[in-house]
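Notes for the one structure printed next.
The values are calculated or read from the model by the stated rules, or taken from the named source; none is laboratory data. Small disclaimer: the values here were computed from a predicted structure and weren't measured. Here the Cβ positions follow ideal geometry from the backbone for every residue, glycine too, while neighbour counts run over all protein chains shown.
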Amino acid sequence: MTRKMRNTQRVGSQVARPSAMPHIWPGKENNGRDDMIEMVIEQRRRSLGGGLDVGRVLPFAKRRMVGPFVFFDHMGPLDVAAGADRSLDVRPHPHIGLSTVTYLFSGEIVHRDSVGSHQTIRPQEVNWMTAGSGITHSERFEKARAVGDHLHGIQAWVALPEGDEEVAPSFSHHAGDDLPQWSEAGVRGQLIAGSAYGLTAGARTHSPLFYAHLDLDAGARAEVPPGHAERAVYVATGAVEVDGSRYEAGNMLVLGADVSSVIAVERSTVMVLGGEPVGERFLYWNFVSSSKDRLRQAAEDWKAGRMKLPDADDKEFIPLPDDPFLKPPAMS
């Protein structure tokens, strides 16, 4: 079983065109041993405007979440030429009931939010923003527009447990010792959040989870942390093998209980993630909640201008879509 996905985009002052893409298959349930791979979800291309496409993995119709992870976008790789239009930026927009987790392989993004944060994120760093009762933020590609850049990263959303859905909004940036690294037998890892591999990352999480970035040499075997109710591996680059089947970049493998590791069949980058489920969640544009009524209230608050914009970025914003049940259009 082989699924292939290759994607490189180029955006410039005169060219804004995603590369040709092969056919994309929807996520498929495994027809073999469900104790190995429960489901394979292949990313679906989504345009965020300004020439920026992402590969959306979660949510998926047949698999809304993995542990508390309710949203997973793969951004790029994307080459941006100096002078690119400001439409590439993600204008101020709102969130409730979740934490956004931004992680870059390359490039820079400038984050501004309504609690006063102004933070540039660079490769192997984490921006962890807890929306709770409500936050707004923007993400600007200022370096890319000024001098050009190569953008590549992952954005995930983590649903907050019901008792924490209305916590005060907050933001934290993590780098260095907050993101423990290790290397052994052809595997180089960095823990992004939670506890795994005998390590604990610096970001505060509201429920048990793990999230890590692994770079694998060809032939290297990477352990997937045991002891979690739900686990998945996302192949960002390269290809891996599980139980004799090969999976190319762009696939998320939702793992069964018997999977303890994956093997890189070529030099690869994978994200491993999972944790304890937090219960059913509803998504409504950029909002997440256990209550549909709360989602409607958030939408009304945004439409009426009752959610504060970032002080340093309050001249424009993304309006509520005419169809509030659209899938989230913003990267975060």
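Assorted remarks:
- Annotation for the range 2-19: no member residue is assigned to a strand (DSSP E or B) and at pLDDT 85 or above.
- Hits in the range 255-280 (condition: surrounded by 24 or more Cβ atoms within 10 Å (Cβ to Cβ) and under 17 Å from the mean Cα position of the chain (by Cα)): Val270, Val272, Leu273, Gly274, Gly275
- Scan of the range 126-162 for residues that are surrounded by fewer than 20 Cβ atoms within 10 Å (Cβ to Cβ) and either of a type in the set (Asp, Glu) or in contact with a Cys (Cβ under 6 Å, 6 or more places away or on another chain) (or both), ordered by number: Glu142, Glu162
- Tallying residues that are in a strand (DSSP E or B) and within 14 Å of the chain's Cα centre (by Cα) within the range 120-129 yields 4.
- Counted residues, the range 221-249 - those being in a loop (DSSP other than H, G, I, E, B), of a type in the set (A, V, I, L, M) and in contact with a Leu (Cβ under 9 Å, 6 or more places away or on another chain): 1
- Residue list for the range 78-99, restricted to those being under 23 Å from Thr237 (Cβ atoms) and either aliphatic (A, V, I, L, M) or within 14 Å of the chain's Cα centre (by Cα) (or both): Leu78, Val80, Ala81, Leu88
- Inclusion of Met271 among residues that are out of contact with any helix residue (DSSP H, G or I) (no Cβ under 8 Å at 6 or more places or on another chain) and at pLDDT 95 or above is warranted.
- Gly55 being modelled with pLDDT under 95, more than 30 Å from Glu276 (Cβ to Cβ), within 20 Å of the chain's Cα centre (by Cα) and not in a loop (DSSP other than H, G, I, E, B): no
- Of all residues in the range 190-219, those being over 25 Å from Ala159 (Cβ atoms) and touching a residue at least 24 places away in the same chain (Cβ under 8 Å) number 5.
- Summed over the range 168-194, residues that are crowded, with 16+ Cβ neighbours inside 10 Å, over 29 Å from Pro310 (Cα atoms) and in contact with a Phe, Trp or Tyr (Cβ under 7 Å, 6 or more places away or on another chain) total 2.
- Which numbered condition Arg204 fails, given (1) touching a Phe, Trp or Tyr at 6+ places or on another chain (Cβ under 9 Å); (2) assigned to a strand (DSSP E or B): (2)
- Test result for Arg221, more than 30 Å from Ser170 (Cβ to Cβ) and in contact with a strand residue (DSSP E or B) (Cβ under 7 Å, 6 or more places away or on another chain): yes
- Residue within the range 233-247 that is more than 17 Å from the chain's Cα centre (by Cα), under 27 Å from Gly279 (Cα atoms) and either of a type in the set (A, V, I, L, M, F, W, C) or modelled with pLDDT under 95 (or both) present: no
- Evaluation of Ser291 against (1) among the hydroxyl-bearing types (Ser, Thr, Tyr); (2) surrounded by fewer than 19 Cβ atoms within 10 Å (Cβ to Cβ); (3) under 30 Å from Glu223 (Cβ atoms) (one fails), failing number: (3)
- Counted residues, the range 250-262 - those being assigned to a strand (DSSP E or B) and either on the phi > 0 side of the Ramachandran plot or touching a Cys at 6+ places or on another chain (Cβ under 6 Å) (or both): 0
- Qualifying residue in the range 158-165 (condition: closer than 18 Å to Arg204 by Cα and without any contact (Cβ under 8 Å) to a residue 40 or more places away in the chain): yes
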